[in-house]
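Okay, so here's the structure we're looking at.
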Amino acid sequence: MRATHLFGIVFTGVLATAALFADELGTGLRGPAPLNEEAKAPKIADVENFDIKRGRAYTSQPPTIPHAIDKYEITRNVNMCMYCHGRVRNAEFGAPMVSATHFMDREYDFLAEISPRRYFCTQCHVPQTDAIPPVGNSFLDVDQILDRERKVTAGEKKEQ
C-alpha cells in the first residue's frame, strides 16, 4: 500500500513538473491555435536575391540558390538553370558549374548532358530566404565539433 501511495505522489509530481515546463516549450509549429481549429498559415518568407552563397551545414548538403528563380522554367524540355550553370556558359556568367556527379548515370558512367536523375534542380536545391527557423537548432557540423575539441584539449594542456 505504501508503494502505491509513493507511486501516486511521484506521478503527481512528474505531471505537475511537466505542466510547468509545457508553457516554457511554447505552442509548437501550429502556434497558439487549439487542436480543434485550423491554424493560420504562416507568412511565406521572402527570397533573398543577393547572389551571396551561404555555407553548408553538413558535407553532402545541396547548396542553396542565392537568387530568385520564380520566373525560371524547369520542365521536361527546358531547364533555365543550366543556361548559366551548365558546362558551356558558366564562366561567361560567373556561375558555378553543376557538380560532375550531376553528369553521371546510375552506374557512375559520365554523360555528355546532365543526368535525368539530376535534371530537376529544385528537387534538392532551394532558394535562400529570410525565414526565421520555427524551432531552435543546436546542430554542429563535424568541423565545429573538432574545433571545440581542439580548444578543450589546448586548454587542458595550458593548465598542466
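Remark on I65: its backbone amide H falls under 5 Å from those of V126, Q128, a criterion applied only to residues 5 or more positions apart or on other chains, H modelled at 1.01 Å from N. The Cα center of the stretch 96-155 and the Cα center of the stretch 47-83 differ in position by 12 Å.
Taking a ≥ b ≥ c as the square roots of the eigenvalues of the alpha carbon gyration tensor, the chain is prolate, as a/c is not under 1.5 and a/b beats b/c. Ranked by the mean number of other Cβ atoms within 10 Å per residue, highest first, peptides 33-40, 87-94 order as 87-94, 33-40.
The sum of -39500 (n - 2.57) across all DSSP H runs of n ≥ 4, divided by the residue count of the chain, sets its helix-only mean residue ellipticity at 222 nm to -10000 deg cm²/dmol. Extension gain for the segment Y119 to E107, taken as residue separation times 0.36 nm less the Cα-Cα distance, is 2.6 nm to one decimal.
Between N49 and A33, full extension at 0.36 nm per residue minus the direct alpha carbon distance yields a gain of 2.5 nm.
Each reported figure results from applying straightforward, stated rules to the coordinates on display, with no laboratory input. Since the structure is predicted, the reported quantities are computational estimates derived from the model, not experimental observations. Every residue, glycine as well, gets a Cβ built from its backbone with ideal geometry; the counts of neighbours run over all protein chains shown.
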